[in-house]
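Following: one structure in structure tokens, then a few remarks.
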Amino acid sequence: MKLSKTIVRVPPENFSQGITTSNLGKPDYDLAFKQHRAYCETLKNLGVNLIMLEKDPEFPDSSFVEDTALVNERCAVITRPGDPRRRGEERKTEKVLSKFRDIKRIKKPGTVDGGDVLRIHNEYYIGLSQRTNREGGKQLSRILKKYGYDAEFIPVKNMLHLKSGVNYLDRGVIIIREEMSDLTCFKNFHKITVNPQESYAANCIFVNGLVLMPAGFPETSKKIKSFGFNSTVLQMSEFEKMDGGVSCLSIRF
Ligand code: CIR
């Protein structure tokens, strides 16, 4: 599926005041800004039109734009982020997406973070996590089913979001943390398993023929190549410090 557009949002200067559970230290803003720019350039070079939202210091986490919406060919669902400190980020995303798609919304008391929503063809896997509650999952599943998609729930433990642990690449191949690899719902996929020392590398995206993965994970990089994929690495250190991965920085459609 050729991706033609992506929404990204520049991190604000107070990026380091966002939410994090990592103990990797405080991110450096200038470096985060540069890494974000390189991320955007990589997408642009893959033929994707960038829709760049301006930074907003009211929301230090707002560069993790993926959490605020999901988009498919038929609709866009605006989420209600699970952490109250992030509620409101989705307003800007909605404004943009309403130009392209029918808008549906997750409503109180439902919560959904886009990082918990994995699409593989016409099937959606919805992670029930600390951010996405069952009510939010049910609302999302109802909306998606109305538009002709299937949806199923997966409990998420020991990680922030479902897509912190599993992502779809292409040609029936998923990339998945070793400890999740026996989940029965993924039994029919080919699997690139990511060992515990490289778990952050399970968050990769496939964009127009190329796998984008974080730099610094040689074993996983070798495995991706051995499955016949071309890949490129992105410097993600400052985003990792804030619990964010490669997928979180864009909404691709
Ligand atoms: C948060 O805790 O909400 C942000 N600091 C990180 C969000 C990462 N988003 C994602 O994985 N989709």
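The values are calculated or read from the model by the stated rules, or taken from the named source; none is laboratory data. On a predicted model such as this, the values are computed, not experimentally measured, just so you know. So basically every Cβ, Gly included, is an ideal-geometry build from the backbone, and we count neighbours across all protein chains shown. In case anyone asks, the SASA skips ligands and DNA or RNA and just uses the protein heavy atoms, side chains included. Shrake-Rupley method; radii C 1.70, N 1.55, O 1.52, S 1.80 Å.
A few remarks follow.
- Comparing Leu249, Pro27, Leu3 along the charge dipole axis of the chain, the residue lying farthest to the positive side is Leu3, per the Cβ-charge model.
- A straight chain from Thr184 to Tyr147 at 0.36 nm per residue would run longer than the Cα-Cα distance by 10.8 nm.
- Rounded to the nearest 0.05, the FRET efficiency derived from the C-beta distance between Arg101 and Thr232 at R0 = 35 Å is 0.75.
- Dividing the mean sequence gap of close Cα pairs (under 8 Å, 6+ apart) by how many residues the stretch 1-104 holds gives a relative contact order of 30 percent.
- Trypsin sites (Lys or Arg not before Pro) within the stretch 1-49, DSSP loop, no more than 12 other Cβ atoms inside 10 Å: Lys2
- Annotation: aspartates and glutamates with alpha-carbon distance below 14 angstrom to Lys138 (same-chain offsets under eight excluded): Asp113, Asp116, Asp150, Glu152.
- Selection of chymotrypsin sites (Phe, Trp or Tyr not before Pro), the stretch 81-185, meeting DSSP coil and at most 16 other Cβ within 10 Å: Phe100, Tyr147
- Net +/- balance of residues flanking His121 in space, Cβ distance below 12 Å, scoring K and R +1, D and E -1: -2
- Quotient of C-alpha Rg and 2.2 N^0.38 Å, computed over the chain: 0.92
- Taking the stretch 5-252 and dividing mean pair separation by its residue count, relative contact order in percent (alpha carbons under 8 Å, at least six apart): 21
- The equivalent ellipsoid that matches the C-alpha gyration tensor of the stretch 166-253 spans semi-axes of 19, 15, 13 angstrom, in descending order.
- Shown here for the stretch 2-107: GluC sites (Glu not before Pro) in loop regions (DSSP other than H, G, I, E, B) with at most 16 other Cβ atoms within 10 Å, namely Glu13, Glu54, Glu58, Glu73.
- Dipole magnitude of the stretch 169-253, debye to nearest 20 (Cβ charges: Lys/Arg +1, Asp/Glu -1, about Cα centre): 340
- In angstrom, the C-alpha Rg and Dmax of the stretch 60-128 are 11.4, 33.
- The stretch 124-233, accessible surface, carbon-and-sulfur percent (1.4 angstrom probe): 48
- Over the chain, accessible surface divided per residue gives 45 Å², non-protein components excluded, 1.4 Å probe.
- Extension gain, Arg87 to Ala215, is 43.0 nm, computed as 0.36 nm per intervening residue step minus the present C-alpha separation.
- Global geometry of the stretch 99-149, whether rounded, prolate or oblate, following the gyration tensor of its Cα atoms and the 1.5 cut on a/c: oblate
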